[in-house]
Amino acid sequence: MLAVTLLGYSFFAGGLEDLRSVVEDAVEQGRKLHIVTVNPEMLVLRDPRFLEVLASAELRLPDGMGVVWASRFLRCGVLRRLPGIDVAEAIMAWGSERGWGFYFLGAREGVAQRAVQAMQHRYPGLKVCGCHHGYFTDDAEVVEDIKRAAPEVLFVGMGVPKQELWIARYREVLPAKVFMGVGGSFDVWAGRLPRAPLLFRSLGLEWLWRLFLEPRRIRRVVPAFLRFGLWLLREKWWGWYNTG
């Protein structure tokens, strides 16, 4: 598998077609595959539980453009950006061809259902065997529902780090093979939030579009980007120091 080591983590360095073979192999061979789509904000989260899950996941994808720029800045290899929402949609396209079952978990009451309807319209043959909103208090009830549905793929849209922690907690007792946190993708698929215009996407500026839609995020995003930038400068300086 194509990989680049960046800031102590191994990142998938291929494109969507390379990823397809990894996902298909996991489903067909019955191996667990936790996909984490990583942006700079996630890398500087001060949550040891999340960082442990991030390190132990089978696959880390460069979602944020900052991760791609970091790989170039530190000259540690070539990464291609793989936005999480595009990856999830690609997995649905592959799954609709192969008869995989999907389960949508997350978002507000009714949103996951609308997302399912939209995706089944986009991908005829998409088999969704269950869905549940993300505002539940009884994990056991949801876990049992997923067990009954027996999907091959589980999408969890609860936001970072909650969705990754939830996946890590229950992955071994669930029948799914592919697990992926999809953040606010259900809201986009359901039509509650517009996706960034193509210009923003092509420039890797979807994060800026989200700030326009949700300005309250700026208090979290800006400090995270500053911490990430300082981390990169420290890594760059340390590399110069060691080779000097």
Next on the checklist: I'm trying to understand the selection: among the residues of the stretch 141-170, which are open to solvent by 60 Å² or more (accessible area, probe 1.4 Å) and either farther than 22 Å from residue 100 by Cβ or modelled with pLDDT under 95 (or both)?
Outcome noted: 141, 160, 162, 169
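Within the bounds of the stretch 171-180, is there any residue that is at pLDDT below 95, within 23 Å of residue 56 (Cβ to Cβ) and not aliphatic (A, V, I, L, M)?
The initial filter retains those residues of the stretch 171-180 that are at pLDDT below 95, namely none.
No, that holds for no residue.
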Next on the checklist: Just checking, does the stretch 61-78 include any residue being open to solvent by 50 Å² or more (accessible area, probe 1.4 Å), of a type in the set (A, V, I, L, M, F, W, C) and over 25 Å from residue 237 (Cβ atoms)?
Outcome noted: no
Checklist outcome for this item: Restricting the stretch 84-109 to residues that are farther than 16 Å from residue 182 by Cβ and without any contact (Cβ under 8 Å) to a residue 40 or more places away in the chain, the one nearest to the chain's Cα centre (by Cα) turns out to be 96
Checklist entry - For the stretch 132-165, which residues satisfy the criterion of being free of Cβ contacts under 8 Å to residues at least 60 places away in the same chain and assigned to a loop (DSSP other than H, G, I, E, B)? => result 133, 134, 135, 136, 137, 138, 150, 151, 158, 159
Checklist entry - In the stretch 217-244, which residue that is modelled with pLDDT under 85 and among the basic types (Lys, Arg) is surrounded by the fewest Cβ atoms within 10 Å (Cβ to Cβ)? => result 219
Next on the checklist: Tell me the residue from 197, 223 that is more than 29 Å from residue 133 (Cβ to Cβ) and not hydrophobic (A, V, I, L, M, F, W, C), please.
Outcome noted: 223
Checklist entry - Which residue out of 5, 37 is assigned to a strand (DSSP E or B) and within 18 Å of residue 225 (Cα to Cα)? => result 37
Checklist entry - Tell me, which residue of the stretch 182-213 that is in contact (Cβ under 8 Å) with a residue 60 or more places away in the chain and assigned to a helix (DSSP H, G or I) is surrounded by the most Cβ atoms within 10 Å (Cβ to Cβ)? => result 186
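Can you go through 1, 42 and tell me which one is loosely packed, with under 14 Cβ neighbours inside 10 Å and hydrophobic (A, V, I, L, M, F, W, C)? Step through it out loud before you land on a result.
On the way: 42 fails: loosely packed, with under 14 Cβ neighbours inside 10 Å.
None of the others qualify; the one that does is 1.
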Checklist entry - Can you spot a residue in the stretch 120-131 that is surrounded by 15 or more Cβ atoms within 10 Å (Cβ to Cβ), in contact (Cβ under 8 Å) with a residue 40 or more places away in the chain, touching a helix residue (DSSP H, G or I) at 6+ places or on another chain (Cβ under 8 Å) and of a type in the set (A, V, I, L, M)? => result no
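For every residue, the table says whether it meets (1) in contact with a Lys or Arg (Cβ under 9 Å, 6 or more places away or on another chain); (2) surrounded by fewer than 21 Cβ atoms within 10 Å (Cβ to Cβ); (3) more than 21 Å from residue 223 (Cα to Cα).
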position	(1), (2), (3)
10	yes, yes, yes
14	yes, yes, yes
31	yes, yes, yes
38	yes, no, no
58	yes, yes, yes
93	yes, yes, yes
103	no, no, yes
Item to check | Residue that is modelled with the highest pLDDT [pool: residues in the stretch 41-80 that are β-branched (Val, Ile, Thr) and not in a helix (DSSP H, G or I)] | outcome: 44
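The values are calculated or read from the model by the stated rules, or taken from the named source; none is laboratory data. Remember, it's a predicted structure, so these values are computed and weren't measured experimentally. Using ideal geometry, Cβ is built from the backbone for each residue, glycine included, and neighbour counts are taken over all protein chains shown. Heavy atoms of the whole protein, side chains included, go into the accessibility calculation; ligands, DNA and RNA do not. Shrake-Rupley method; radii C 1.70, N 1.55, O 1.52, S 1.80 Å.
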